[in-house]
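Take a look at the structure below.
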Amino acid sequence: MNWLKKYSIERPYKKFINDLTFRQVYESVVDLAKKLFSYVKNEKRVAIYSNNSVDMALFFLAFQFLQKEVLMLNTCLTDEEIAKQLKALNIKVIFSCDNKFISFDKVYKGEREDIKSIENFEEESIAVIMNTSATTGEFKSVPIGWKQFYSHVKASQKSLGVTDEDNWLVVLPMYHISGLSILIRSLYNGTSVTILEKFHQEEVIKLIESNTINMLSIVPTMLNRIVDRIEKHNLRVVLVGGEFIPKPLIEKSIVKNIPIYKTYGMTETTSQVTTFSVLDYPEKIDSVGVPLEKVVIHIENTDKKGIGEIVIKSSMLMAGYVGKKKVFNYFNSEDVGYMDEDGFLYILDRRKNIIISGGENIYPKEIENILYAHPKIYECAVVGEKDERWGQVPVLYVVSSMDRQKILEYLSNKLAKYKLPKKIIYLEKLPRNASGKILKKNLT
């Protein structure tokens, strides 16, 4: 929070969060902290339940002023799931944008208490806790401290650069690391953010074409909805990650000179650990880029083709899941891929998604990549199904106007026979989580 105070003095009239200046945000955060103190003075951890908003950002920053660990609750969770997460982390005080818990409005209307100003933060102190693995089942609690955030920001600066005009759009949920990290980067860099509650197509296009924003973090499904409609832009960076990125989408962006930066990372690594500019390296379009500064990536347990498990070492890496063993040296991402001779990383799939059929490895992303290149394939996901003869066989879930035979004909010219889906199941839409990732666990 000393960064917020610093910029409130050095850049008092510069916009920070939407229409609020650094000075206004600092004054609002200090005022809010005084009102929150009576609720949280005896608590180590608290929780926020909210969709994106300026208020959500102010509450998060006020809790940092009070040096509280903050659990960011996913608003898509059921009451039972929320209760389980709160119990696991021994959290009794929760604040929300509505009346589900202690409402933001109630706090704003409350009385202030005198509190001591906290100027310095211990690097090892935990700023936020995020529960991950919603796509696989049981959650794991990831603690992220100021040490990790600071390392992330410094590495991001080197890869993406910083300008005084930067205004980064936040449409990804701030209860995910991809959304919250934008706020933290902008706080450290002294630059602006524009927060939208959710991805609204018309609003995003208006912000882009009016040059209000010049930076954007987005998932492929969102980009796909707006790329054809962008007529003019002043975008400096469009960070795309979160799931598989179809080649045709990247190619459309290149034609429009949209500065796509493919990226790879996870909550455990405080967001991105690799990135690259597709416009600068179009020949590397299938990769997710090179490691950020002070990030070391190795491929372990490789096969004859050099494909293996991706392990990561970095000062951005969490110390370990809450209540679990500490992470020493390298962290196993549970992704499978390889690195080329130029140091670019290629992700083939999650280790758990690999289908072993008759002793052959089948990478669902390879099949999905080919399918997404067809204009009549709108969404798809390939998962493994148990089979008595082969062990596992690939099954395709698809949103498409193509019939089964046409899909198989299209694939048979591009894939070995053993990789062809043994079943094709049509759906109106695929299940996704709040950040747009397809929930494959809901398809099996």
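The values are calculated or read from the model by the stated rules, or taken from the named source; none is laboratory data. A quick note: this is a predicted structure, and the numbers were derived from the prediction, not measured. Please note: Cβ atoms are built from the backbone with ideal geometry, for glycine as well, and neighbour counts cover all protein chains shown.
For residue 86, state whether it is touching a helix residue (DSSP H, G or I) at 6+ places or on another chain (Cβ under 6 Å), farther than 27 Å from residue 216 by Cα and not assigned by TED's automatic domain parsing to the domain that holds residue 269.
On the way: touching a helix residue (DSSP H, G or I) at 6+ places or on another chain (Cβ under 6 Å): no; farther than 27 Å from residue 216 by Cα: yes; not assigned by TED's automatic domain parsing to the domain that holds residue 269: yes.
So residue 86 does not fit the description; no.
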Hey, does segment 373-389 have a residue that's more than 28 Å from residue 262 (Cβ to Cβ) and aromatic (Phe, Trp, Tyr)? no
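From 204, 193, 142, which residue is touching a residue at least 40 places away in the same chain (Cβ under 8 Å), in the same structural domain as residue 280 (by TED's automatic domain parsing) and buried (at least 18 other Cβ atoms within 10 Å of the Cβ)?
Working: 204 fails: touching a residue at least 40 places away in the same chain (Cβ under 8 Å); 142 fails: in the same structural domain as residue 280 (by TED's automatic domain parsing).
After ruling out the rest, the residue left standing is 193.
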With criteria (1) touching a residue at least 24 places away in the same chain (Cβ under 8 Å); (2) outside the structural domain of residue 177 (by TED's automatic domain parsing); (3) of a type outside the set (Gly, Ala, Ser), residue 378 comes up short on (1)
Subset of segment 118-141 [at pLDDT 95 or above and of a type in the set (S, T, N, Q)]: 141
Pick from segment 60-80, criterion over 21 Å from residue 200 (Cβ atoms) and touching a Phe, Trp or Tyr at 6+ places or on another chain (Cβ under 6 Å), ranking: surrounded by the fewest Cβ atoms within 10 Å (Cβ to Cβ): 72
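Out of everything in segment 374-407 that is outside any strand (DSSP E or B) and surrounded by 14 or more Cβ atoms within 10 Å (Cβ to Cβ), what residue ends up being modelled with the lowest pLDDT? Break it down into steps so the answer makes sense when it comes.
Taking segment 374-407 first, the residues outside any strand (DSSP E or B) are 374-376, 388-390, 401-407.
Subset that is surrounded by 14 or more Cβ atoms within 10 Å (Cβ to Cβ): 374, 390, 402, 404, 407.
On the way: 374: 92, 390: 85, 402: 95, 404: 95, 407: 96.
Ranking the qualifying residues of segment 374-407, first place goes to 390.
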Would you confirm whether or not segment 100-117 contains a residue that is touching an Asp or Glu at 6+ places or on another chain (Cβ under 8 Å) and either modelled with pLDDT under 95 or among the basic types (Lys, Arg) (or both)? yes
Among the listed residues 240, 162, 219, 255, which satisfies the condition of being without any contact (Cβ under 8 Å) to a residue 24 or more places away in the chain and under 20 Å from residue 290 (Cα atoms)? 240
Output the residues belonging to segment 261-296 that are out of contact with any strand residue (DSSP E or B) (no Cβ under 7 Å at 6 or more places or on another chain) and of a type in the set (Val, Ile, Thr). 285
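Residue-by-condition table, conditions (1) outside any loop (DSSP other than H, G, I, E, B); (2) at pLDDT 95 or above; (3) closer than 23 Å to residue 126 by Cβ; (4) assigned by TED's automatic domain parsing to the domain that holds residue 85:
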{"residue": "283", "(1), (2), (3), (4)": "yes, no, no, no"}
{"residue": "287", "(1), (2), (3), (4)": "no, no, no, no"}
{"residue": "306", "(1), (2), (3), (4)": "no, no, no, no"}
{"residue": "311", "(1), (2), (3), (4)": "yes, yes, no, no"}
Checked segment 328-357 for anything closer than 25 Å to residue 151 by Cβ, touching a residue at least 40 places away in the same chain (Cβ under 8 Å) and either not assigned by TED's automatic domain parsing to the domain that holds residue 283 or not in a strand (DSSP E or B) (or both); matches are 342, 343, 344
Matching residues, segment 273-303, being closer than 19 Å to residue 349 by Cβ and touching a helix residue (DSSP H, G or I) at 6+ places or on another chain (Cβ under 7 Å): 285
Condition broken by residue 424, with the remaining ones in (1) touching a residue at least 40 places away in the same chain (Cβ under 8 Å); (2) farther than 20 Å from residue 245 by Cβ; (3) of a type in the set (Val, Ile, Thr) satisfied: (1)
In segment 62-83, residue nearest to residue 3 (Cα to Cα) [restricted to those that are in contact (Cβ under 8 Å) with a residue 40 or more places away in the chain and either among the β-branched types (Val, Ile, Thr) or outside the structural domain of residue 108 (by TED's automatic domain parsing) (or both)]: 70
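Determine which member of the set 100, 34 is in a loop (DSSP other than H, G, I, E, B), surrounded by 15 or more Cβ atoms within 10 Å (Cβ to Cβ), among the basic types (Lys, Arg) and not assigned by TED's automatic domain parsing to the domain that holds residue 196. So that I can check it myself, show each step before the final result.
On the way: 34 fails: in a loop (DSSP other than H, G, I, E, B).
None of the others qualify; the one that does is 100.
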